[in-house]
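Each remark here refers to the structure printed beneath this line.
Bear in mind that the values in this text are calculations on the coordinates, not laboratory data. As the structure is a prediction and not an experimental result, all values here were calculated from the model. Neighbour counts run over all protein chains shown; Cβ positions are idealised from the backbone, glycine included.
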Amino acid sequence: MSGIRGIVGNDFTPEYVTMYSGAYGVFSKRKKIVVGRDSRRSGEMLKNAVIAGLLSVGCEVIDLGIVPTPTVLLNVKELKAEGGIAITASHNPSEWNALKLINKNGEFLSEEEGKILDKIIEKDFERVKWSEIKDVFNDEKGVERHIERIFKLKKINFDAIIKRRFKVVIDCVNGASYFAYPHFLRRLGCDVIELFCEDTGDFRRDPEPVPENLKVLENLVKDTGADIGFATDADGDRLSIVSDRGVAIGEEYTITLALEHWFSKINGTSVVNYSTTSMVDYVAKKYKTVVLRAKVGEANVVRRMKEYNAVIGGEGNGGVILPDIQYTRDAMVGMTLILSLLTESKKTITELISQLPKLFMIKETKHFDNLDERDKFYKRLFEKYSKNADLTDGMKIYYKEGWLHLRKSGTEPIIRFICEGENEKWVTKIIKEAMEA
Ligand code: MG
């Protein structure tokens with residue numbers, strides 16, 4: 001995905017953001033651009049910097065305010081804009097911020113498009129004169145447009161969901177979806193209990209919606225006797241579930257249950273990344289279809305989904321992509337599929353997951369002082385594992401007990417280790433061996 005990110009007040013300054021947004025405005029033919037942000041303290045400052053850059057090259061700006069990232073993407077298409085910028089550092093801590101760039105198809109800029117943008121920056125670009133500066137429109141309908149679009153999904157029986165009157169706890173980490181998600185759940189007839197649903201940008205837990213960060217949500221689901229708990233990250237594209245028993249079941253279940261539901265309604269294939277749980281293959285087999293794999297990263301998954309005309313796709317980190325709505329990870333789509341599954345199956349989350357194979361997954365990250373150190377270590381791993389590995393995306397090694405996936409980060413001095421299998425002891429052993437190389 002193309003864009004820039006950094007620590008605010010350090011290397012990530014409004015001057016830099018204005019220049020970069022100006023270049024993006026030129027890339028987008030100096031036309032209409034949709035802007036939205038998450039709730040971070042630096043958000044308002046950086047939004048003004050983005051808008052200044054866009055206006056300076058003659059763009060018209062639609063400002064959606066604080067909205068989830070998938071809502072920015074959807075509105076680019078709905079408003080027939082030439083592009084969009086989401087100002088968010090997603091699951092990263094408060095001091096970070098970033099620009100995610102969106103093309104006119106409502107998808108993140110590809111690597112190739114990013115290169116064209118880099119050329120514009122290198123060559124410098126012209127600003128418009130004062131009389132050609134366009135307007136900024138504040139648009140508060142962004143979330144509503146997104147919700148209306150989802151309500152048009154023909155395969156979902158919304159009336160039935162509304163009739164169930166689910167009791168749902170929603171944890172928005174005081175992030176971008178603070179208003180959108182509780183509001184959407186109420187539209188689905190739910191009795192909504194809000195947790196961290198303020199626009200303060202004060203992340204009261206680590207923004208990554210992984211089980212160890214969802215203790216407060218777990219307790220609140222238990223204490224209120226809710227049917228389900230939902231958690232998202234700071235920009236609202238990833239979705240994680242807490243069961244009716246108050247257990248954070250892990251993000252891998254989100255795409256698995258979404259597939260379970262969609263495959264029961266539509267014939268077709270799916271695409272997920274190489275790190276995603278094998279539970280998805282089990283579900284696909286049940287519906288006599290297959291799940292194809294793509295390299296990690298939303299753009300890679302989306303590209304393969306289009307290639308194979310997949311009816312659904314996503315990533316194990318809680319990302320659900322439904323082409324009927326849009327080609328991006330969308331937590332409102334995820335919540336819709338899960339609540340529809342609960343409605344039609346008449347089962348609880350606990351019952352639904354008990355029907356899936358019991359797999360154990362460990363995800364680890366090894367940090368290095370610099371890229372050289374990391375590459376040296378990765379070379380050792382390569383010597384040890386590459387012979388028997390699928391090398392499409394790092395190294396994926398298949399064993400009869402499970403699999404191990406080893407991947408270097410594109411930008412950071414880290415290596416990711418992911419291992420899944422039926423036996424917890426085996427998984428622990430394999431990952432330990434790999435990390436010690
Ligand atoms: Mg995110």
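Of the cross-linked pairs LYS31/LYS154; LYS29/LYS129; LYS80/LYS129; LYS31/LYS141; LYS285/LYS400, which ones have a Cα-Cα span greater than 22 Å in the structure shown? Where the Cα-Cα span goes over 22 Å, the pairs concerned are LYS31/LYS154; LYS80/LYS129.
With the simple spin-label model, which puts each label point 7 Å out from Cα in the Cβ direction, the ILE133 to ASN267 separation comes to 5.9 nm. Looking at the chain alone, DSSP beta bridges between its own residues are antiparallel in about 55 percent of cases.
The Cα-based radius of gyration and maximum Cα-Cα distance (Dmax) for region 278-437 are 17.6, 54 Å.
Between ASP206 and GLU433, the modelled labels are 2.7 nm apart [label points 7 Å from Cα along Cα→Cβ].
Once you have a ≥ b ≥ c as the square roots of the Cα gyration tensor eigenvalues for region 310-371, tell me rounded if a/c is under 1.5, and otherwise prolate or oblate according to whether a/b is larger than b/c. Verdict is oblate for region 310-371. DSSP assigns beta bridges within region 1-123; of those with both partners inside it, close to 50 percent run antiparallel. Rounded to the nearest 0.05, the FRET efficiency derived from the C-beta distance between ARG165 and LYS358 at R0 = 22 Å is 0.10.
In a solvent-free Debye calculation with one equal scatterer on each Cα, what is log10 I(q)/I(0) for region 260-329 at q = 0.13, 0.15, 0.21 Å⁻¹, listed in the order of the q values? Log10 of I(q)/I(0), two decimals: -0.28, -0.38, -0.78.
Dividing the Cα radius of gyration of region 150-288 by 2.2 N^0.38 Å, with N the residue count, gives 1.08. Using 0.36 nm per residue and subtracting the Cα-Cα separation, the extra length available between ASP390 and HIS367 on full extension is 5.9 nm.
Mean sequence separation of contacting Cα pairs (under 8 Å, at least six apart), scaled by the length of region 159-291, corresponds to a relative contact order of 21 percent.
In this Cβ point-charge picture (+1 for Lys and Arg, -1 for Asp and Glu), region 243-392 has a dipole of about 460 debye about its Cα centre. According to the Kirkwood relation over distinct C-alpha pairs, the hydrodynamic radius of the chain is 22.4 Å.
Here the Debye sum runs over all C-alpha atoms of region 115-229 as equal scatterers in vacuum, and log10 of I(q)/I(0) at q = 0.11, 0.21, 0.22 Å⁻¹ comes out as -0.58, -1.18, -1.24. Within region 275-341, the trypsin sites (Lys or Arg not before Pro) that combine a DSSP coil assignment with at most 12 other C-beta atoms in a 10 angstrom radius are LYS288. In a DSSP loop and with at most 15 other Cβ atoms within 10 Å, the GluC sites (Glu not before Pro) in region 185-225 are GLU198.
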